[in-house]
Amino acid sequence: MRKMANKDTLGTRICNYRERLKLSQDELAKNAGIDLELLRNIESDVVSPAINVMVRLSRSLGQRLGTFMDDQMVDDPLIVSVDERCEDSASHKCQISGHYRYFPLGKGKGDRHMEPFFIVIEPSEDKALSSHEGEEFIIVASGQVELIYGNETHLLKEGDSMYYNSLVPHYLGARDDVAEIFATIYMPF
């Protein structure tokens, strides 16, 4: 059994839910369709997973995505001022397309059905497509973002928005320089 860390981290939460279900790391990795080494790195807080990986893990553990990102519940309305925005996971590389820094905007609202984020995206050469259940709505806050959606490629600039079915293989990344987006992800549970 894994010892509880002083800080309740994303990796710790995933590990705790996995252990409650009496799943080995190998079993969870297979169920989620991810590499075992990636799961080990996530549970050790070496790697912060991309949304599509978190969706697979949350589904495999029978939980909504926010379960792994919330540390305390708050009353409505949940307000996050720009000065209080906190990064929840560090930049990552390890078998995940792009370099993303996530700032959750719904953390603490236990009854939510959407996952809102402010995301900082660094350019990356890797443009691997991913897919998961649900829908995404994104507004480009700064920079330029490239959306590859199925066989189509779209370039979006500051102020542009996109709304798409996440089951269609897609890639979202910064075009030439760092970009910032607001993203709301809905996944049926």
In whole Hz, the Karplus estimates of ³J(HN,Hα) for the range 41-48 (6.51, -1.76, 1.60; θ = phi - 60°; x where Gly or Pro) are 5, 5, 5, 8, 6, 7, 10, 9
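Let me know the charge dipole size of the chain about its Cα centre in debye, to the nearest 20, where only the beta-carbon of Lys, Arg (+1) and Asp, Glu (-1) is charged. Before the final figure, lay out the partial values.
Values: 21 positive and 31 negative charges, 166 e Å.
Here the chain has a charge dipole of around 800 debye.
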Distance in nm between D176 and D8 label points, each 7 Å along Cα→Cβ, equals 4.5
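Based solely on its DSSP helices, what 222 nm [θ] is calculated for the chain when runs of n ≥ 4 H residues each add -39,500 (n - 2.57) and the sum is averaged over all residues, nearest 500 deg cm²/dmol?
Working: 4 runs with 37 residues, N = 189.
Helices in the chain give a 222 nm mean residue ellipticity of -5500 deg cm²/dmol.
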Highest GNM mean-square fluctuation among G33, G108, G134, for the chain with Cα springs under 10 Å, belongs to G33
Checked the range 129-189 with the C-alpha gyration tensor, a ≥ b ≥ c its square-rooted eigenvalues, rounded below a/c of 1.5, otherwise prolate if a/b is larger than b/c and oblate if not; verdict oblate
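May I ask you to derive the relative contact order of the range 10-68, considering only C-alpha pairs under 8 Å and at least 6 residues apart, and to give it as an integer percent? If you can, show how the numbers build up before the last one.
Values: 50 pairs, mean separation 23.7, N = 59.
Relative contact order here is 40 percent.
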Dimensionless Rg/Rh of the range 82-186, both radii on Cα and Rh by Kirkwood, sits at 0.94
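Given 4 °C and 1.567 mPa s, how large is the Stokes-Einstein diffusion coefficient of the chain in µm²/s, with Rh as the Kirkwood radius over Cα pairs?
Diffusion coefficient, whole number: 76 µm²/s.
Bear in mind that the values in this text are calculations on the coordinates, not laboratory data. Bear in mind the structure is a predicted one, so any value in this text is a computation, not a measurement. Glycine gets a Cβ as well: all are built from the backbone with ideal geometry, and neighbour counts include every protein chain shown.
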